[in-house]
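Please read the structure below before turning to the comments.
The values are calculated or read from the model by the stated rules, or taken from the named source; none is laboratory data. Remember, it's a predicted structure, so these values are computed and weren't measured experimentally. Here Cβ is always computed from backbone atoms with ideal geometry, including for glycine, and neighbour counts include all displayed protein chains.
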Amino acid sequence: MSKPSDAEELWRAQREKIIGLGERSLRKTYYPELQQKLDELERFRALLDQSNDCIFLIQAATLSFIDVNDSACRQLGCSREQILSLPLAHFLPEEALARVAALVYSGPGEGRGQATITTQLSCCAGAALPVEITLRLVTFNKILYGVAVARDLTERNRAETALLENSRMLRDMELARQIQLSLLPTAPPLLPGVVLAGSCIPATHVGGDYYDFYRRGGDVLDLVIADVAGHSIGAALMAAEVRSVLHAEVHSFHSTGEILGALNAILYEDLSQAGLCITLAYLKYDAPTRTLTYSNAGHPPVLISRNSKTPCRELDAEGLILGVRQEVLFEEKQVRLQSGNLVMLYTDGITEAQNEAGELFGCARLCAILRSMHGCQPEEIIAKVHSKVAEFTGSCTMVDDVTMVVLKVI
Amino acid sequence: MMELDEFELRKFVAPEFVFGFDARKLAGRYAKNFGARKVLVVTDPGVRAAGWADDVIACLQSEGVEHAVYDAVTSNPKAGEVESGAEFYQREGCNAIVAVGGGSPMDCAKGIGIVCSNRKSVVAFEGVDQVELPSPPLICVPTTAGSSADVSQFAIINDTLKRTKFAIISKMVVPDVALIDPVTTTTMKAELTASTGVDALCHAIEAFVSTAHSPITDLHALQAITLVTSNLLGAIREPDNLVLRGRMMLASLEAGLAFSNASLGAVHAMAHSLGGLLDCDHGACNAILLPFVIAFNFEAAPNRYVEIGRAMGLETGGVAPAKAHAAIRAQLTRLTRAAGLSSTLGQLGVSRDDIPGLAERAICDPCIFTNPRQPSKQEIEAIYEQAI
């Protein structure tokens, strides 16, 4: 039960409200709600203006712009008033305009009421902006409008072109790889008293490594291994040139030193022009006498492993890298091989392979493999070296081309 | 007497108004309820000095509504003052207006409101129904008992370039609420009390004889006439008497409701041109012109004038119209003299050379359209001649 004073208070308050003096004794007014809607609208407008896309509202009946966002003004370099005062034809090429008109006339009911048009918008300064316009028909208060969202395609076009070029390049590189592989011997030649194997794996599509065999009469075989600095297209081209020169000249000379001297003289100009140089080891094996003659143009020395017990021997011979000087004399040395001996020609892609700690694979590890594999076939040795190097670097991808030739005296 | 024209179509527009002591203190609550975030307070230096603007500002602050004050308003508010007020409103980011003062700040505030919402110059709104969009919420706190701009659909602005006062007549300038507080009139000087009081009387008389009058406006007009004639001199004598001030404020309100809907006549048309050309005090002009205009109009509506006489407290039963006419004029002259107002235009500095220009403007003023008798330019000139 309320106290009398409470009842009086209630009377008084109710009377106040009836007079219209209550805190909420409001007459009908739309203003506060309108204000709120305006705020919402302003927020929404800011949202649209922040979009990277150009947004246009087009009145269907007149095909004229009736609203645009900030982005459109910015990207077209026009003021809002300019855009709103100019006809669509000012910004759109005829063909695109016809598509807009066709969509509008077909109406929202019939077609899908939507179109995507790839075209160009004319900027006020005169430049053209490549865009993809998505146009949708909408009806507000029984009036038909088109909402056009135009996305700048400049960046996308650029990326697409780059992608296309990349794939073209990739195709070309693959072709180059195939050609380069075809320039290597398909299979080692057969020679009495020896078994041979060779392998060349470029780090990228094409590489600067090369090996080859030239069969001479009287069971004599020439072996060559070369490494053009770098493993780019330039290096690959130069490797191909080395092969051509050798194929042409190899029979004009008999001694390994002379062959290297002639090769250096012929390639010198091209190499110095291209800023490239080549290391190369050239060997001649006379099967009947088991004599190995060798010369070296700055290439890692050829290894000989006599048996599993003695350390490997490095076949050193004086000679400058090809392409440094025009006239070079190359030392020529000989060594006699015995049954069971292994000879390994290799490029520095093996010995200079690094592990995570920055350590090099080195010659000692290579020799250890050779010494441990006297009972094996050359292919097996090559496969073993590949797997050991991969194990050492902790990766299957190589940073340099890797090439090996193994000769085993039976 | 039964007349069919009693029921010609009429419309009555009035804002919400709160009448009574301390009504001004509701300004904050109303501003808040109208959704105001920042209010432009339009006032003038005199009203600020009297403290009423600060009173209203304190109410706004207590409701947490921000404000900015625009007090560069003079009497007979100028179009330039409206324009700079509108710029100030935009610059300050206001979304509502509170006018505190007499007719000048209130008319200026109305102008500011429609300039802001329509984004046009104030002179573009001259005439009847020329305002397209309504003003932002407008709260009026009148501090004089006379202009009634707080309830009217009129705003009178001085076009200083053309040296003419023009009327904006539109339902769009009717305030959203009038907070009519008799307390605010206690600081008026005798002169201002007199001229604004006679302005209210003039509103009532002109609205009553207007060709747009209606039974509802008549009611308010007659009541206003009675209230002014019986309380004006008392209010001048006892400025702090809240009952007399209250009755004068009520008279002003009722006269305002009447004239806002019935419109006015020749007195106001002629006073507007005096204000525009010579910047004369509006109430003073009205007081001088009224008897002469009555003389001109009387024959067109003798019965209406007789009713006015009765409302003024004159004995009109069985009196011949001509006699009643003389009595009304004598009573009016007595009242304005006793209130200390000038009796000739000459005293206000008007010369005969001004008359053609004044008549030219008066004949075009919208107030003239509802005068009971349609005057020619020559007839207007003649009235000015008599009043000089």
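Hey, any hits in the stretch A:133-141 for a residue that's of a type in the set (Phe, Trp, Tyr) and not in a helix (DSSP H, G or I)? The answer is yes, given that some residue of the stretch A:133-141 is of a type in the set (Phe, Trp, Tyr) and not in a helix (DSSP H, G or I). Mind listing whichever residues of the stretch A:100-129 are surrounded by 15 or more Cβ atoms within 10 Å (Cβ to Cβ), at pLDDT below 90 and of a type outside the set (A, V, I, L, M)? A:PRO108, A:GLY113, A:CYS124 - these are the residues of the stretch A:100-129 that are surrounded by 15 or more Cβ atoms within 10 Å (Cβ to Cβ), at pLDDT below 90 and of a type outside the set (A, V, I, L, M). Is there a residue being away from chain B (no Cβ under 14 Å) and over 48 Å from the mean Cα position of the chain (by Cα) anywhere in the stretch A:62-76? Among the residues of the stretch A:62-76, at least one is away from chain B (no Cβ under 14 Å) and over 48 Å from the mean Cα position of the chain (by Cα), which makes the answer yes.
For every residue, the table says whether it meets (1) in contact with a Phe, Trp or Tyr (Cβ under 9 Å, 6 or more places away or on another chain); (2) within 14 Å of chain A (Cβ to nearest Cβ); (3) part of a loop (DSSP other than H, G, I, E, B).
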| residue | (1), (2), (3) |
| --- | --- |
| B:GLU6 | no, no, no |
| B:PHE21 | no, yes, yes |
| B:VAL41 | yes, no, no |
| B:VAL47 | no, no, no |
| B:ALA58 | no, no, no |
| B:VAL69 | no, no, no |
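Identify the residue in the stretch B:113-171 that is closer than 29 Å to B:LEU60 by Cβ and basic (Lys, Arg) and, among all such residues, is surrounded by the fewest Cβ atoms within 10 Å (Cβ to Cβ). Among residues in the stretch B:113-171 that are closer than 29 Å to B:LEU60 by Cβ and basic (Lys, Arg), the one surrounded by the fewest Cβ atoms within 10 Å (Cβ to Cβ) is B:ARG119.
Here is a yes/no grid of residues against (1) in contact with a Phe, Trp or Tyr (Cβ under 6 Å, 6 or more places away or on another chain); (2) within 18 Å of A:ALA226 (Cα to Cα); (3) outside the structural domain of A:LEU196 (by TED's automatic domain parsing):
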{"position": "A:LEU345", "(1), (2), (3)": "no, yes, no"}
{"position": "A:ALA357", "(1), (2), (3)": "no, no, no"}
{"position": "A:ARG365", "(1), (2), (3)": "no, no, no"}
{"position": "A:GLU380", "(1), (2), (3)": "no, no, no"}
{"position": "A:ALA383", "(1), (2), (3)": "no, no, no"}
{"position": "A:SER387", "(1), (2), (3)": "no, no, no"}
{"position": "A:GLY394", "(1), (2), (3)": "no, no, no"}
{"position": "A:VAL405", "(1), (2), (3)": "yes, yes, no"}
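When the criteria are applied in full, B:VAL128 meets the requirement of being closer than 25 Å to B:GLU83 by Cβ and outside the structural domain of B:ALA339 (by TED's automatic domain parsing). Go through (1) surrounded by 14 or more Cβ atoms within 10 Å (Cβ to Cβ); (2) facing chain B (nearest Cβ under 10 Å); (3) not in a helix (DSSP H, G or I) for A:PHE56 and report which single condition fails. Of the numbered conditions (1) surrounded by 14 or more Cβ atoms within 10 Å (Cβ to Cβ); (2) facing chain B (nearest Cβ under 10 Å); (3) not in a helix (DSSP H, G or I), the odd one out for A:PHE56 is (2). Here A:GLU8, A:GLU23, A:GLU42 are screened, and the one residue that is in a helix (DSSP H, G or I) and within 14 Å of chain B (Cβ to nearest Cβ) is A:GLU42. Residue count for the stretch B:299-323 satisfying the condition of being of a type in the set (A, V, I, L, M, F, W, C), surrounded by 18 or more Cβ atoms within 10 Å (Cβ to Cβ) and in contact with a Lys or Arg (Cβ under 9 Å, 6 or more places away or on another chain): 1.
Conditions tested, residue by residue: (1) among the hydrophobic types (A, V, I, L, M, F, W, C); (2) closer than 29 Å to B:GLN153 by Cα; (3) assigned to a helix (DSSP H, G or I).
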{"site": "B:SER260", "(1), (2), (3)": "no, yes, yes"}
{"site": "B:ALA271", "(1), (2), (3)": "yes, yes, yes"}
{"site": "B:CYS285", "(1), (2), (3)": "yes, yes, yes"}
{"site": "B:GLY309", "(1), (2), (3)": "no, yes, yes"}
{"site": "B:GLY317", "(1), (2), (3)": "no, no, no"}
{"site": "B:ARG337", "(1), (2), (3)": "no, no, yes"}
{"site": "B:LEU341", "(1), (2), (3)": "yes, yes, no"}
{"site": "B:ASP353", "(1), (2), (3)": "no, no, yes"}
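Where strands (runs of 3 or more DSSP E) sit wholly within the stretch B:109-171, those with at least 3 residues that are farther than 15 Å from B:HIS282 by Cβ and either under 14 Å from the mean Cα position of the chain (by Cα) or of a type in the set (A, V, I, L, M) (or both) occupy B:138-142. In the stretch B:4-21, the condition of being over 30 Å from B:GLU307 (Cα atoms) and within 23 Å of the chain's Cα centre (by Cα) is met by at least one residue. Kindly evaluate A:LEU48 against the criterion of being farther than 23 Å from B:ALA23 by Cβ, within 60 Å of the chain's Cα centre (by Cα), surrounded by 11 or more Cβ atoms within 10 Å (Cβ to Cβ) and facing chain B (nearest Cβ under 10 Å). No; evaluated as a whole, the condition is false for this residue.
Does A:ARG15 count as free of Cβ contacts under 8 Å to residues at least 12 places away in the same chain, touching a strand residue (DSSP E or B) at 6+ places or on another chain (Cβ under 8 Å) and either more than 26 Å from A:GLU155 (Cα to Cα) or hydroxyl-bearing (Ser, Thr, Tyr) (or both)? If you could, list the steps in order and put the result at the bottom.
Details: free of Cβ contacts under 8 Å to residues at least 12 places away in the same chain: yes; touching a strand residue (DSSP E or B) at 6+ places or on another chain (Cβ under 8 Å): no; either more than 26 Å from A:GLU155 (Cα to Cα) or hydroxyl-bearing (Ser, Thr, Tyr) (or both): yes.
Spelling it out, it is not the case that A:ARG15 is free of Cβ contacts under 8 Å to residues at least 12 places away in the same chain, touching a strand residue (DSSP E or B) at 6+ places or on another chain (Cβ under 8 Å) and either more than 26 Å from A:GLU155 (Cα to Cα) or hydroxyl-bearing (Ser, Thr, Tyr) (or both).
Within the stretch A:175-192, not a single residue is in contact (Cβ under 8 Å) with a residue 60 or more places away in the chain, in contact with a Leu (Cβ under 7 Å, 6 or more places away or on another chain), within 16 Å of A:LEU76 (Cβ to Cβ) and not acidic (Asp, Glu).
Yes or no, residue by residue, for (1) in contact with a His (Cβ under 7 Å, 6 or more places away or on another chain); (2) surrounded by fewer than 17 Cβ atoms within 10 Å (Cβ to Cβ); (3) not β-branched (Val, Ile, Thr):
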residue: B:VAL350; (1), (2), (3): no, no, no
residue: B:ASP354; (1), (2), (3): no, no, yes
residue: B:ASP365; (1), (2), (3): yes, no, yes
residue: B:PRO372; (1), (2), (3): no, no, yes
residue: B:PRO375; (1), (2), (3): no, no, yes
residue: B:ILE380; (1), (2), (3): no, no, no
residue: B:ILE383; (1), (2), (3): no, no, no
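Just one residue in the set B:LEU277, B:LEU250 is modelled with pLDDT under 95, in contact with a Leu (Cβ under 9 Å, 6 or more places away or on another chain), over 18 Å from B:LEU341 (Cα atoms) and surrounded by fewer than 24 Cβ atoms within 10 Å (Cβ to Cβ); that residue is B:LEU277. Got at least one residue in the stretch B:27-49 being among the polar types (S, T, N, Q) and over 23 Å from A:THR29 (Cβ atoms)? Yes, there is a match, as at least one residue in the stretch B:27-49 is among the polar types (S, T, N, Q) and over 23 Å from A:THR29 (Cβ atoms).
Would you check if there is a residue in the stretch A:347-358 being under 35 Å from the mean Cα position of the chain (by Cα) and free of Cβ contacts under 8 Å to residues at least 24 places away in the same chain? Within the stretch A:347-358 (the criterion being under 35 Å from the mean Cα position of the chain (by Cα) and free of Cβ contacts under 8 Å to residues at least 24 places away in the same chain), the answer is yes, since at least one residue qualifies. Within the stretch A:291-333, the set of residues being of a type in the set (S, T, N, Q) and out of contact with any Lys or Arg (no Cβ under 6 Å at 6 or more places or on another chain) comprises A:SER295, A:ASN296, A:ASN307, A:THR310, A:GLN326. Considering A:GLU379, A:GLU332, which residue is in contact with a Ser or Thr (Cβ under 9 Å, 6 or more places away or on another chain), at pLDDT 90 or above, acidic (Asp, Glu) and farther than 29 Å from A:TYR268 by Cβ? Of the residues listed, the single one that is in contact with a Ser or Thr (Cβ under 9 Å, 6 or more places away or on another chain), at pLDDT 90 or above, acidic (Asp, Glu) and farther than 29 Å from A:TYR268 by Cβ is A:GLU379. Summed over the stretch A:217-247, the residues that are more than 25 Å from A:ILE201 (Cα to Cα) and surrounded by fewer than 16 Cβ atoms within 10 Å (Cβ to Cβ) give a count of 3.
Evaluate the stretch A:376-390: report whether one residue or more is in contact (Cβ under 8 Å) with a residue 12 or more places away in the chain, over 19 Å from A:SER199 (Cα atoms) and not in a helix (DSSP H, G or I). Taking every residue of the stretch A:376-390 in turn, none turns out to be in contact (Cβ under 8 Å) with a residue 12 or more places away in the chain, over 19 Å from A:SER199 (Cα atoms) and not in a helix (DSSP H, G or I).
Which condition from (1) in a helix (DSSP H, G or I); (2) of a type outside the set (Lys, Arg); (3) away from chain A (no Cβ under 13 Å); (4) buried (at least 17 other Cβ atoms within 10 Å of the Cβ) is the one that B:GLU83 breaks? Here B:GLU83 clears every test but (4). When A:GLY230 is tested against (1) at positive phi; (2) touching a residue at least 60 places away in the same chain (Cβ under 8 Å), just one condition goes unmet, and that condition is (2).
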